[in-house]
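Beneath this line is the structure, given in structure tokens, with notes to follow.
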Amino acid sequence: MIKVYLKRKITPRVANGHPWVFNNEVEKIEGEVLGGETVEVLTHDKKFIGKGYINPKSQILVRLLTRKKSDEINEHFFYREILKCWEYRQQIGYTENCRLVFGEADSLPQLIIDKFNDYFVLQTLTLGMDKWKPAIVEALNTIFSPKGIYERNDVPVRELEGLPQHKGFLSAPFDTNILINENGFQFRVDIENGQKTGYFLDQQDNRKAIQHIVKGAEVLGAFTYTGTFEVHAAKYGAKSVLGLDISANAVEQANKNAALNNVQDICRFETANAFDVLKQWGKDGRQYDVVMLDPPAFTKSRETIQKAITGYKEINLRGMKLVKPGGFLVTSSCTNLVNEDLFLQIIDMAAKDARRKLRQVVFQKQSADHPIVRGMDNTHYLKFLIVQVQ
Ligand code: SAH
């Protein structure tokens, strides 16, 4: 097996649990490197650290899969690891819909599997993981006997690994417009053409957190995607709900989800750019009891983090201005590049500009089926905040 020796300075970080080895962190490599192969990673003084997969095309040269020397990386390894992921989700109470595998946080780097009841959506984002796709599919078939498996590898990050973008069936074809049940409500999920894997499971617990504040309320939601928060609000007793998203497809799906849950009379969605509309409505003096914001990441790289800060500040300022005194702002941020402290600072800046005082109701993270691993900051990415705006 190819052996990758780390530089002395790098050894502690990787030896202490971090699964990535960057290509400038390697002292020497013994053997001919082929992309996607399993390699052994050793300390600068030749002690075994773990086994992982290598890709010389990627800045992250090796991602570790195991720390056990006796582990063979083969079909059975993937079966066993995916079974472990399933046992963990069951232990913590996520059985119907869940992120079954959350990449690095489950020691299966860059493998994402979302379980929507009997259907599975899979992403293999690196060459080393993509190679094991048949074994992963086999494991899913053995453990779950699924009704369908779909691949959503139509993501640009694959190109950094020299992989093409692709989507399609990994089982016999099936109707990809599936129906799921969340918190007792029903939602259509388009796993073929929806965003990411089709549905944002990471907010499933946060959607429940709005239950009390929306009773009898006039609610405005922005960045609604298929309307999950807004339909929850309507079902939890809101007086009226208006949702906005820039994607006409998402809005169409959201209106269908409202009808599916019998709340089409109080909950409707419109296509709009939230930045423009919220600004205008602020000028018009419109007011709502509850404003909910769930914007996209705004940036994917640390170099352009200022873009994200400006975006979050701007939209939260505009949202806050639309909240009646004593009403609530429900706001999220889904990028790990903006950490909890920075997110709260941004919200505080917006409050200062809006001349409003905030009282924190809840501050939560992603649901626990997307585990946060201590010491791996990028596994904690979602912030979810409810504040009373005084
Ligand atoms: N709240 C949703 C997820 C939102 S994802 C859920 O829980 O399912 C972010 C959404 O913001 C996407 O649907 C995207 O289409 C939308 N979006 C991006 N830019 C926007 C803009 N300027 N105005 C309105 N919506 C926007």
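The values are calculated or read from the model by the stated rules, or taken from the named source; none is laboratory data. Keep in mind the model is a prediction, meaning the values are calculated, not measured. Cβ coordinates were reconstructed from backbone atoms using ideal geometry, including for glycine residues, and neighbour counts include every protein chain displayed. For accessibility, only protein heavy atoms count, side chains too; no ligands or nucleic acids. Shrake-Rupley method; radii C 1.70, N 1.55, O 1.52, S 1.80 Å.
Observations on the structure shown:
- Charge dipole magnitude, Cβ of K and R +1, D and E -1 - region 2-66, Cα centre, debye nearest 20: 240
- Based on DSSP H segments of at least four residues, each scored -39500 (n - 2.57), the chain has a per-residue ellipticity at 222 nm of -8000 deg cm²/dmol.
- P(r) tail fraction, the chain - alpha-carbon pairs more than 34 Å apart, %: 34
- Cα Rg, Dmax, region 11-121, angstrom units: 15.6, 48
- Note on exposure: Glu96, Glu40 ranked by accessible area (1.4 Å probe, complete protein assembly) read Glu96, Glu40, with the most exposed listed first.
- Cα centroid separation, region 296-328 to region 247-276 (Å): 22
- Alpha carbon centroid spacing (whole Å) that separates region 73-144 from region 1-38: 25
- Taking all Cα pairs closer than 8 Å and separated by 6 or more residues, the relative contact order of the chain comes to 10 percent.
- Charge dipole (Cα centre; +1 on Lys/Arg Cβ, -1 on Asp/Glu Cβ; no other charges) of region 80-187 amounts to roughly 140 debye.
- Across region 200-389, C-alpha contacts under 8 Å between residues 6 or more apart give a mean separation that, scaled by the residue count, equals a relative contact order of 20 percent.
- Sequence-ordered 3J(HN,Hα) estimates for region 242-252 from the Karplus curve with 6.51, -1.76 and 1.60 and θ = phi - 60° stand at 10, x, 10, 8, 6, 8, 5, 4, 4, 5, 4 Hz, glycine and proline given as x.
- Which of Gly282, Val263, Asn316, positive extreme of dipole for region 259-319 (C-beta unit charges): Asn316
- Among Ser171, Ser58, the order of accessible area from largest down is Ser171, Ser58, computed with a 1.4 Å probe on protein heavy atoms.
- For region 180-264, a simple Cβ point-charge model (Lys and Arg +1, Asp and Glu -1, everything else neutral) yields a dipole of about 280 debye relative to the Cα centre.
- Partners for Lys46 among lysines (Cα-Cα distance below 27 Å; same-chain residues under 8 apart left out): Lys3, Lys7, Lys9, Lys28, Lys57, Lys68, Lys69
- Residues with amide H under 5 Å from that of Leu244, placed H, sequence gap 5 or more: Gly221, Ala222, Phe223, Thr224, Glu270
- Each pair of Cα atoms in region 2-66 enters the Kirkwood radius, and Stokes-Einstein at 25 °C and 0.890 mPa s then converts it into a translational diffusion coefficient of 220 µm²/s.
- Two-decimal log10 I(q)/I(0) for region 75-175, as the Debye equation yields it once each C-alpha is a single scatterer, q = 0.15, 0.17, 0.19, 0.25 Å⁻¹: -0.56, -0.72, -0.90, -1.50
- Under a 5 Å amide H cut-off, with hydrogens placed 1.01 Å from N, Phe328 pairs with Val290, Val291, Val389 among residues at least 5 apart or on other chains.
- Whole-Hz couplings from phi, Karplus 6.51/-1.76/1.60, listed for region 147-161; x for Gly and Pro: 7, x, 10, 10, 9, 10, 8, 8, 10, x, 4, 4, 5, 5, 9
- Cα pair distances exceeding 27 angstrom across region 200-389, given as percent: 23
- Percentage relative contact order, region 105-253, counting C-alpha pairs under 8 Å, at least six apart: 14
- Here's the picture: charge each Lys and Arg Cβ at +1 and each Asp and Glu Cβ at -1 in the chain, and of Tyr79, Val62, Ala217 the one pushed furthest to the positive end of that dipole is Ala217.
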